[in-house]
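Here the structure is laid out as structure tokens; the discussion comes afterwards.
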Amino acid sequence: MELVTTKAQLRKARNAVDSTSKVGLVPTMGGLHDGHLALIDTARSRCSQVIATIFVNPLQFGPNEDFESYPRVLERDSELLKKKGVDLLFAPSVHEMYPNGRDDHTVIALPHLTNVLCGTSRPGHFDGVATVVSKLFHLVQPHVSYFGEKDWQQVTLIRAMVCDLDFPIDIEVVPTFRNNRGLALSSRNSYLDQEQAAKAPLLYSALVRVRDLVLRGENNYSQLEADAIQSLADAGFTPEYISVREGRSLRVANSQSSDRRVFGAARLGETRLIDNLAIDP
Ligand code: PAF
């Protein structure tokens, strides 16, 4: 595996790739776990060249968020990627990505998808994601890029961006990787202490309960959401939202919707957890 840290090195390595190769991109912020490795495995099985990126993107963190404490373990991560057969790893510095600073940087904004769910409590977050992902798409020029289902809102807006801005890139979603108690893997799980880690799977359990009740025909979604929020609050979480929505549009769902998903976000101590589940097959 080749490790490059500058855009010039990346372009050179990308230009050297055979033009008949299918190039797959797995963008990450590092702190890799089995969920990321599942993205890599999927890319490896479908592409002849796999390019991974590790960049903790300051543009997608709010002023009181965990940009400083986000796990940065490049040596460990690059070993894992090497073992998985990644061809090229791009791990730039903040200065390399935003040489003129972050404040005056051009931003990609997707208003219709960013002012709901996580967008409500994280203003600017998704614009930061869209901006860095579009930069990575321009730099890497992949044929396909892989994202995790856990970040469904993120992948929905990236799909919209790819469509709206005519990126010739396929977006593929890889199923959420869970531990044996159902907790969706996330780099942020490393912030949880032992007691919190034992409690954290209750977010998944709350979503499973909502999904099962919806499938059994319960159609008062507001009540289901309120009950789930209460059960999480009783267990010691600070719930942000539980919401039954249409998967494609992210609009509030009703019993006529055909692609319903249930979304949840809650804090456990300082750690913000998110998850979502498909309701309709
Ligand atoms: O999902 C993530 O890790 C990040 O949001 C991404 C897509 C790598 C952009 O920084």
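Derivation of every value follows stated rules applied to the coordinates shown; laboratory data play no part. The structure presented is a predicted model; accordingly, all values stated were derived computationally and were not measured. Every residue, glycine among them, receives a Cβ derived from its backbone with ideal geometry; neighbour counts consider all protein chains shown.
May I ask you to list the residues in region 22-32 that are within 11 Å of the ligand (Cβ to nearest atom) and of a type outside the set (Val, Ile, Thr)?
If the condition is that a residue be within 11 Å of the ligand (Cβ to nearest atom) and of a type outside the set (Val, Ile, Thr), then Leu25, Pro27, Met29, Gly30, Gly31, Leu32 are the ones that fit.
Of all residues being assigned to a loop (DSSP other than H, G, I, E, B) and within 19 Å of Phe67 (Cα to Cα) in region 186-200, which is farthest from the chain's Cα centre (by Cα)? Just the residue, please.
Leu192
Can you name the residue in region 158-169 that is out of contact with any Pro (no Cβ under 9 Å at 6 or more places or on another chain) and outside any helix (DSSP H, G or I) and is also nearest to His112 (Cα to Cα) among such residues?
Among those that are out of contact with any Pro (no Cβ under 9 Å at 6 or more places or on another chain) and outside any helix (DSSP H, G or I), it is Leu165.
Step by step: first the residues of region 136-154, then only those that are among the polar types (S, T, N, Q) and part of a helix (DSSP H, G or I), then the one that is farthest from the ligand (Cβ to nearest atom). Which residue is that?
Gln153
Do you know which of the residues in region 79-88 that are in contact (Cβ under 8 Å) with a residue 60 or more places away in the chain and in a helix (DSSP H, G or I) is farthest from Ala109 (Cα to Cα)?
The extreme case among them is Lys82.
Within the bounds of region 38-47, is there any residue that is away from the ligand (no atom under 15 Å from the Cβ), part of a helix (DSSP H, G or I), closer than 16 Å to Phe90 by Cα and of a type in the set (A, V, I, L, M)?
The answer is no; no qualifying residue exists.
Within region 48-78, how many residues turn out to be more than 15 Å from the ligand (Cβ to nearest atom), crowded, with 17+ Cβ neighbours inside 10 Å and part of a helix (DSSP H, G or I)?
1
Considering only region 92-101, I want to know if a residue exists there that is under 26 Å from Thr6 (Cβ atoms), of a type outside the set (S, T, N, Q), within 16 Å of the ligand (Cβ to nearest atom) and without any contact (Cβ under 8 Å) to a residue 40 or more places away in the chain. Can you show your working first?
Filtering region 92-101 for residues under 26 Å from Thr6 (Cβ atoms) gives 92-101.
Remaining after also requiring of a type outside the set (S, T, N, Q): 92, 94-99, 101.
Subset that is within 16 Å of the ligand (Cβ to nearest atom): 92, 94, 96-98.
In the following step, the residues that additionally are without any contact (Cβ under 8 Å) to a residue 40 or more places away in the chain were identified as 94.
Yes, because at least one residue in region 92-101 is under 26 Å from Thr6 (Cβ atoms), of a type outside the set (S, T, N, Q), within 16 Å of the ligand (Cβ to nearest atom) and without any contact (Cβ under 8 Å) to a residue 40 or more places away in the chain.
So Val214 ticks every box in (1) under 20 Å from Pro281 (Cα atoms); (2) assigned to a loop (DSSP other than H, G, I, E, B) but one. Which box is left unticked?
(2)
Each row is one residue, and each column tells you yes or no for (1) closer than 18 Å to Asp170 by Cβ; (2) under 16 Å from the mean Cα position of the chain (by Cα).
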position	(1), (2)
Cys47	yes, no
Ala52	yes, yes
Asp87	no, no
Asp103	no, no
Thr131	no, yes
Pro142	yes, no
Glu149	yes, yes
Gln153	no, yes
